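Notes for the one structure printed next.
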Amino acid sequence: MTTTTARTRTGLLLEDVDLVLGDGDFSVTALDAVSMTVAPGELVAVVGPSGAGKSSLLAVAGGLTRPDHGRVVVDDLDVVAATAAGRARYRRERVGFVFQSGNLIPALTAVDQLRYALRIAGRRGEPGRDPREMLEQVGMAHRARSRPHQLSGGERQRVGIARALVTGPSVLLVDEPTSALDRTRSHEIVELLARETHEQGVATVMVTHDHDVLGHCDRVLQMVDGKLSAAR
Amino acid sequence: MFLGIRELAFARGRFGLMGLVVALISLLMVLLSGLSTGLVNDGVSGLIRLPVTSFAFEEGTELDSAFSRSTVTAEQAAAWGRQRGVADAGLFGNALVNAEASGAEGAATPVDLALFGIEAGSWLAPTAVDGSGLGQDPDGIVVSSTVADLGIGIGDVVTIDRLGTRLTVVGITADQRTFGHVDIAYVPLRTWQEIHAGVAPGEQARPGIYEEATAVAVLARDGATVDLAAGDAAAGTTSRTLEESYGASPGYTAETTTLDLIEGFLYVISALLIGAFFTVWTINRRHELAVLRAMGATAGHLVRDTIGQAAVVLVGATAVGVAVGVGAGALLSGSAMPFALEAGPVTAASLLLVLLGLLGAAAAALRIARIDPLIALGGAR
């Protein structure tokens, strides 16, 4: 616990990361010499066609997949060098995931989604980690006792964002947050992401198809065939 | 158990159904256990309650017919009495007879009886709660409490069919004493020998019959073990321990193996059922579990949560099933069905049911460890 509170945030660094999926004739280069830095409080969008390697980028940055080459560093922690258990701990303590359409746990109410995330992260009862306050921040305090099936798509995504942020992560990895939402809701959600990123000082990477919402982002990168470049 | 408990409440329909099945299985378990104990009581309670450690039968007697075929002599009983570690050895007679009981009202009731011939006043003699024990009166008998349930009481006369021997009930035992589903009447050994030899009242008996009985009942001294082989060699008999002798009770082995088989199947079915349920449950939650793994939850944590769920369902449902079973058992105990509930076997069966169910759930929950957290990402492969 001392390590988490005393942690200095330096953001996310990917350096020369290669990832090859499959093997032999069926191998695909998902990430090809990808390098990027995301500063604390910065929202970076990654756009690109399906299959360009956007999900692989999130998987590598989130410690779900170990790259074949390169470094992933978060707050001076070398994620690639960590063991499987070490990477699970990294995910618990320093990463917040926001999934497509929220991916909430069906049995849990909105406030319990956050409470459970805190339990998993081992941060239950820590000061400044109040689930209700967090729901309030994303404008969902009034639905605290609702289960996912009682919420709209936008509401689910708001709870998903609150769940990812309540543990106080260094890195927020967001996977197609607006894929199931209409235009108005999409803007609201990305606006919320931008605001929380700035307020919480978290390094956010958002993968998206939705060019409409890029105006809310600090920087936009493009991914094609596993190669990352600044957007035109 | 944070998630486990909430999921139980959320999916209460599914878990309720599962719990109902487990409850029904444990109810069946209790009924089978009661039937099993009841049948054992009916079959061999008379033997269990004899203060005997082994029986010596006529040399070479097969076990399944030992009590009806064997004949031993007083000499062999004496030889057993001299064996090292033997506290007491005496002649024991066992014969199944048809009889008629008539009370003061004069109405005759047909009864089947297992006549246990025992030396009156000896170490083998039963202790009666009601009336007196086997006394010097050669026609006085002590009967099982189950005979009293038929409406036969002290002072009533029991007449052996064909021979016409008249015996008088002088005592009733405190508990059930039956052998091969037939009620026991303890008879003074000399009278038993006459009935067994087919000597009608007033007839002259062949002198040899008073030297013979079915088996030698042997009681080991406290803490001592009797060398049965040495005793058999000295007395010219074939010994069976008391437990082995149960197999000589008509139908005993067949009944107990049948019930044991059914009980065994129930355990297996229960474990497989729980395993199957939690397998489907885990597969259903695959995506959700992948999300939790991605959030950093360890597989161990999620497996424990699922096993905890199983424990709640199993313990709760088994408790309900056992409670209903014990209730139903109380109704059955008074009936003609051989049914008796004992805390020991019921507790052991319930524990085994829960334990095997947990094993089934654990086998299913291990799948969680193989779930790839990558599937939580939408575009993932």
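The values are calculated or read from the model by the stated rules, or taken from the named source; none is laboratory data. What you see is a predicted model; the values in this text were computed from it and never measured. Using ideal geometry, Cβ is built from the backbone for each residue, glycine included, and neighbour counts are taken over all protein chains shown.
When B:LEU228, B:LEU219, B:LEU259 are screened for being touching a Ser or Thr at 6+ places or on another chain (Cβ under 6 Å) and not assigned by TED's automatic domain parsing to the domain that holds B:GLU75, only B:LEU259 passes. Among the residues that make up the stretch B:61-69, is at least one of them out of contact with any His (no Cβ under 6 Å at 6 or more places or on another chain), over 26 Å from B:ALA229 (Cα atoms), assigned by TED's automatic domain parsing to the domain that holds B:ALA213 and not in a strand (DSSP E or B)? No, there is no match, as no residue in the stretch B:61-69 is out of contact with any His (no Cβ under 6 Å at 6 or more places or on another chain), over 26 Å from B:ALA229 (Cα atoms), assigned by TED's automatic domain parsing to the domain that holds B:ALA213 and not in a strand (DSSP E or B).
Among the residues of the stretch B:242-254, is any free of Cβ contacts under 8 Å to residues at least 12 places away in the same chain and more than 28 Å from B:LEU96 (Cβ to Cβ)? No - not one qualifying residue is present in the stretch B:242-254. Please give the number of the condition B:GLY46 fails out of (1) surrounded by fewer than 21 Cβ atoms within 10 Å (Cβ to Cβ); (2) more than 14 Å from every other protein chain (Cβ to nearest Cβ). With (1) surrounded by fewer than 21 Cβ atoms within 10 Å (Cβ to Cβ); (2) more than 14 Å from every other protein chain (Cβ to nearest Cβ) applied to B:GLY46, the lone miss is (1).
Which of the residues belonging to the stretch A:49-77 are more than 20 Å from A:GLY22 (Cβ to Cβ), in a loop (DSSP other than H, G, I, E, B), in contact (Cβ under 8 Å) with a residue 60 or more places away in the chain and under 17 Å from the mean Cα position of the chain (by Cα)? Write out each step before concluding.
Here is the first cut: in the stretch A:49-77, the residues more than 20 Å from A:GLY22 (Cβ to Cβ) are A:61-63, A:71-77.
Narrowing further to those that are in a loop (DSSP other than H, G, I, E, B): A:62-63, A:75-76.
Now narrow it down to the ones that are in contact (Cβ under 8 Å) with a residue 60 or more places away in the chain: A:62, A:75-76.
Hits for the stretch A:49-77 are A:GLY62, A:ASP75.
Screening A:ILE105 on (1) facing chain B (nearest Cβ under 9 Å); (2) closer than 23 Å to A:GLY48 by Cα shows it passes everything except condition (2).
Yes/no matrix, rows are residues, columns are (1) of a type in the set (Lys, Arg); (2) within 30 Å of A:PRO106 (Cβ to Cβ); (3) away from chain A (no Cβ under 14 Å); (4) buried (at least 19 other Cβ atoms within 10 Å of the Cβ):
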| position | (1), (2), (3), (4) |
| --- | --- |
| B:MET1 | no, yes, no, no |
| B:LEU8 | no, yes, no, yes |
| B:GLY13 | no, yes, no, no |
| B:ALA23 | no, yes, yes, yes |
| B:VAL72 | no, no, yes, yes |
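Going by the conditions given, is A:GLY86 farther than 17 Å from A:ASP175 by Cα, more than 10 Å from chain B (Cβ to nearest Cβ), of a type outside the set (Val, Ile, Thr) and in a helix (DSSP H, G or I)? Please lay out each step first, then the result.
On the way: farther than 17 Å from A:ASP175 by Cα: yes; more than 10 Å from chain B (Cβ to nearest Cβ): yes; of a type outside the set (Val, Ile, Thr): yes; in a helix (DSSP H, G or I): yes.
Answer is yes for this residue.
In the set (1) in contact with a strand residue (DSSP E or B) (Cβ under 9 Å, 6 or more places away or on another chain); (2) outside any helix (DSSP H, G or I), B:ILE195 fails one condition alone, (2).
Whether a residue is out of contact with any Phe, Trp or Tyr (no Cβ under 8 Å at 6 or more places or on another chain), without any contact (Cβ under 8 Å) to a residue 40 or more places away in the chain and in a helix (DSSP H, G or I) was assessed, and B:ILE209 passes this test.
Per the listing B:GLY155, B:GLY164, B:GLY151, the residue uniquely out of contact with any strand residue (DSSP E or B) (no Cβ under 6 Å at 6 or more places or on another chain), surrounded by fewer than 19 Cβ atoms within 10 Å (Cβ to Cβ), without any contact (Cβ under 8 Å) to a residue 40 or more places away in the chain and at positive phi is B:GLY164.
Suppose the filter is closer than 25 Å to B:SER249 by Cα, in contact with a Ser or Thr (Cβ under 7 Å, 6 or more places away or on another chain) and modelled with pLDDT under 90; does B:ASP183 pass it? No. Of everything listed in (1) facing another protein chain (nearest Cβ under 10 Å); (2) farther than 22 Å from A:THR29 by Cβ; (3) out of contact with any His (no Cβ under 8 Å at 6 or more places or on another chain), the single unmet condition for A:GLY125 is (1). Counting only helices (runs of 4 or more DSSP H) wholly contained in the stretch B:215-292, the ones carrying 2 or more residues that are hydroxyl-bearing (Ser, Thr, Tyr) and surrounded by 13 or more Cβ atoms within 10 Å (Cβ to Cβ) occupy B:252-284.
Of all residues in the stretch A:205-229, those satisfying the criterion of being part of a strand (DSSP E or B), in contact with a Lys or Arg (Cβ under 8 Å, 6 or more places away or on another chain) and not β-branched (Val, Ile, Thr) are A:GLN222, A:MET223.
For B:ALA108, indicate whether it is crowded, with 16+ Cβ neighbours inside 10 Å and at negative phi. Reasoning before the result, please.
Values: crowded, with 16+ Cβ neighbours inside 10 Å: no; at negative phi: yes.
No: the conditions fail for B:ALA108.
Picking from residues in the stretch B:158-181 that are polar (S, T, N, Q) and in a strand (DSSP E or B), the one that is farthest from B:ALA200 (Cα to Cα) is B:THR173.
Given the residues B:GLY327, B:GLY344, which is the only one that is more than 14 Å from chain A (Cβ to nearest Cβ) and either in contact with a Leu (Cβ under 8 Å, 6 or more places away or on another chain) or over 15 Å from B:LEU28 (Cα atoms) (or both)?
B:GLY344 is the lone residue from the list that is more than 14 Å from chain A (Cβ to nearest Cβ) and either in contact with a Leu (Cβ under 8 Å, 6 or more places away or on another chain) or over 15 Å from B:LEU28 (Cα atoms) (or both).
Do you know which residues across the stretch B:70-105 are under 29 Å from B:ASP222 (Cα atoms) and either part of a strand (DSSP E or B) or acidic (Asp, Glu) (or both)?
Within the stretch B:70-105, the subset under 29 Å from B:ASP222 (Cα atoms) is B:70-94.
If the condition is that a residue be under 29 Å from B:ASP222 (Cα atoms) and either part of a strand (DSSP E or B) or acidic (Asp, Glu) (or both), then B:VAL72, B:THR73, B:GLU75, B:VAL86, B:ALA87, B:ASP88, B:ALA89, B:GLY90, B:LEU91, B:PHE92, B:GLY93, B:ASN94 are the ones that fit.
One residue stands out in the stretch A:142-182 among those that are of a type in the set (D, E, K, R) and more than 13 Å from chain B (Cβ to nearest Cβ): the one that is farthest from A:GLN200 (Cα to Cα), namely A:ASP182.
Looking at the stretch B:293-301, can you tell me whether even one residue there is more than 14 Å from chain A (Cβ to nearest Cβ), surrounded by fewer than 20 Cβ atoms within 10 Å (Cβ to Cβ) and assigned to a helix (DSSP H, G or I)? Taking every residue of the stretch B:293-301 in turn, none turns out to be more than 14 Å from chain A (Cβ to nearest Cβ), surrounded by fewer than 20 Cβ atoms within 10 Å (Cβ to Cβ) and assigned to a helix (DSSP H, G or I).
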